[in-house]
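Notes follow once the structure below has been shown.
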Number of protein chains: 2
Amino acid sequence: MVLKNDRFLKALLRVEVDVTPVWMMRQAGRYLPEYRAIRKQAGDFLSLCQNPELACEVTLQPLRRYPFDAAILFSDILTIPDAMGQGLYFVEGEGPKFRKVIRTAEDVENLPDVDIASELSYVTDAVSLIRRELNGQVPLIGFSGSPWTLATYMIEGGGSKDFRLAKKFMYDNPEAMHELLSKLARAVTDYLNAQIQAGAQAIQIFDTWGGILTTQSYQANSLNYMKSIVENLIPENEGRKVPVILFTKNGGQWLESIVDTNCSAVGLDWTTEIGIARERIGSRAALQGNMDPTLLYTSPDAIRREVKQILKSYGPGAGHVFNLGHGITPEVDPDNVAVFVEAVHEFSAQYHSGE
Amino acid sequence: MVLKNDRFLKALLRVEVDVTPVWMMRQAGRYLPEYRAIRKQAGDFLSLCQNPELACEVTLQPLRRYPFDAAILFSDILTIPDAMGQGLYFVEGEGPKFRKVIRTAEDVENLPDVDIASELSYVTDAVSLIRRELNGQVPLIGFSGSPWTLATYMIEGGGSKDFRLAKKFMYDNPEAMHELLSKLARAVTDYLNAQIQAGAQAIQIFDTWGGILTTQSYQANSLNYMKSIVENLIPENEGRKVPVILFTKNGGQWLESIVDTNCSAVGLDWTTEIGIARERIGSRAALQGNMDPTLLYTSPDAIRREVKQILKSYGPGAGHVFNLGHGITPEVDPDNVAVFVEAVHEFSAQYHSGE
């Protein structure tokens, strides 16, 4: 199938394009009234993730409104622990929770291996369906949470302010923690490879909570496992390289070591100046980011100013995928998203010589 | 008055000492049963801050238990906006709130200048009293929140998950924001100078929320105002230099520019590797930090291992004040604090040649 818009994949491989490609983390989400309607129809968030037709529909919704250069599978980062029997559920306004928690080496021991093909077929079915419906309009991104990020939720039983249980487990039971992370890394690898085989054309690993660690514990407990995933992913499919983006929120101090994983691109949150990041990593990887999502609450003028500033900071040439520095939030006015996407395409042309 | 233990002040000026000095952010706090007793007696948190005798008592409590090398004034970072009439109050388990909020340029315009001498005499009285009671045992640290951090609370009306109101104000009303930050910087300067005159022997500025900004907006809206404060503080008192510590949580990417303010020391949270920080800033400033406070929930062995690792990372020589990377939390076992403090003194001797 011919890909009509391959800016996103090209930019991830640092190949020149006509304008900087752009997508948004959580672009299929609650800020869209049409998403809220489907979500209501599905019942709850998890039912929506588990229904391939509805997941496909919400994946495509933002593309009907905005000229995004990529689609991202609608799913949750915590599908794997759920498939391991941990009982994922969502409480409105409180984020994800697990019915079972990991607190001992024995809990880790008893954690079953996941049969991706059967337990997570709702995800691969959604990927296949989205690819068919996209019909080559833009590439499709598959994703998972990082092993460390999954482990924090599994140990804490949900989100946390200071992750003291997850950190206590890591510091007091380092062997059991590494056993847990190894199990998760194997499952994430299989899961992402299943997404690639079903049609995902690029992969993003969300390391939402790597940035709460010390440098040493980040390397050992988060980055190390992402590296093993990157090494074991299917490198090419349908005759194209499948680029991998690693996004560690608050990971700006560790860009050089993130690039050492041989990922294709590094996701940046907004606290890192993208031009400085580019100087630091040179031509070793592409960069994705990094407008502060709260800019979408400001005026169109402020949004355009910030987009210009980020494009200027990155400068001319290939290797930049524009994105927010974190997911879009539910209360954003959809009109401001249009301003954002148009500004990226309009103001970036001057920095590119590709076609 | 003779200072019996000047390790802390020496280390801040990068003068050699016998062992690495140590104190803890929030060392006078809820993890101590004797603190909870006084807090109960005072009624609420703000009444405790505003009572010099009780504030003095809780400041001294941790020094009776542990061989800390510095005392820090017991107070709140938000006393200035409260003195400006914003109506600070505390809801148990929810953090600080303000009855009035800043939402327009007019609100900024109407914000009164603070007469530190009258409005905040409870703070300077506490400083004088603590100095008298300390009787030269260890030096006393005075402090304030940074202008940007104060502004976020004043605009949001309290804490926030994403600070969208504060950021919206900054992006949409940059002139009014700079007017607000200028007013706050003048007040913080006067306030800290009053603390120095009352006897504070070192100053720490808590920039709790600088790290939520982009690099450019951090420089313009937070660091720039801290720089003007550093420039206008009383440099010496009682024949000694008064060192200034700047602590921007999540500021690890910006150490070089923080040092450009001519502060004496930079506070590090635990995400920055202290040895790498030392390489980056050389001999331009001392470093304070940086054990993850959640280590205090782990075993004595894990605490000692981490203390050793941080001391080794900093390496031999002057210029390190040991601390946590953020405040101690209420549920910590006080015995683990003893393990922490003793480990710093015990394991650091090998890195020092001073006396």
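If you go through the stretch B:210-247 and pick out every residue that is among the small types (Gly, Ala, Ser) and either farther than 16 Å from B:ALA166 by Cβ or out of contact with any Asp or Glu (no Cβ under 9 Å at 6 or more places or on another chain) (or both), you end up with 4.
When the stretch A:299-337 is filtered for residues that are touching a residue at least 24 places away in the same chain (Cβ under 8 Å) and of a type in the set (Ser, Thr, Tyr), the ones remaining, listed by number, are A:SER313, A:TYR314, A:THR329. Are any of the residues in the stretch A:97-110 within 22 Å of A:ALA194 (Cβ to Cβ) and surrounded by fewer than 21 Cβ atoms within 10 Å (Cβ to Cβ)? No, that holds for no residue. For B:GLN86, the requirement of being crowded, with 16+ Cβ neighbours inside 10 Å, of a type in the set (S, T, N, Q) and over 27 Å from B:VAL22 (Cα atoms) is met. Of everything listed in (1) within 23 Å of B:GLU331 (Cβ to Cβ); (2) buried (at least 23 other Cβ atoms within 10 Å of the Cβ); (3) within 16 Å of the chain's Cα centre (by Cα), the single unmet condition for B:ALA70 is (1). Scanning the stretch B:209-251 for residues that are in a loop (DSSP other than H, G, I, E, B) and within 14 Å of another protein chain (Cβ to nearest Cβ) yields B:TRP209, B:LEU213, B:THR214, B:LYS249, B:ASN250, B:GLY251. Scanning the stretch A:113-147 for residues being at pLDDT below 95 and either in contact with a His (Cβ under 6 Å, 6 or more places away or on another chain) or closer than 30 Å to A:SER160 by Cα (or both) gives a total of 5. Residues being more than 13 Å from every other protein chain (Cβ to nearest Cβ), in contact with a Lys or Arg (Cβ under 6 Å, 6 or more places away or on another chain) and not in a helix (DSSP H, G or I) are entirely absent from the stretch B:291-299. Checking each residue of the stretch A:300-315 against the condition of being at pLDDT 95 or above, more than 10 Å from chain B (Cβ to nearest Cβ), within 21 Å of the chain's Cα centre (by Cα) and not in a helix (DSSP H, G or I) gives no match. Given (1) crowded, with 18+ Cβ neighbours inside 10 Å; (2) more than 9 Å from chain A (Cβ to nearest Cβ); (3) under 25 Å from A:ASP269 (Cα atoms), identify the lone condition not met by B:GLY275. Against the list (1) crowded, with 18+ Cβ neighbours inside 10 Å; (2) more than 9 Å from chain A (Cβ to nearest Cβ); (3) under 25 Å from A:ASP269 (Cα atoms), B:GLY275 comes up short only on (1). Scanning the stretch B:258-290 for residues that are part of a helix (DSSP H, G or I) and under 17 Å from the mean Cα position of the chain (by Cα) gives B:ILE258, B:VAL259. How about the stretch A:268-283: which of its residues are touching a residue at least 24 places away in the same chain (Cβ under 8 Å) and out of contact with any helix residue (DSSP H, G or I) (no Cβ under 9 Å at 6 or more places or on another chain)? Selection gives A:SER283 alone.
The values are calculated or read from the model by the stated rules, or taken from the named source; none is laboratory data. Please read all numbers here as calculations on a predicted model, not as lab measurements. Quick reminder, even Gly has a Cβ in these numbers, built from the backbone with ideal geometry, and neighbours come from all protein chains shown.
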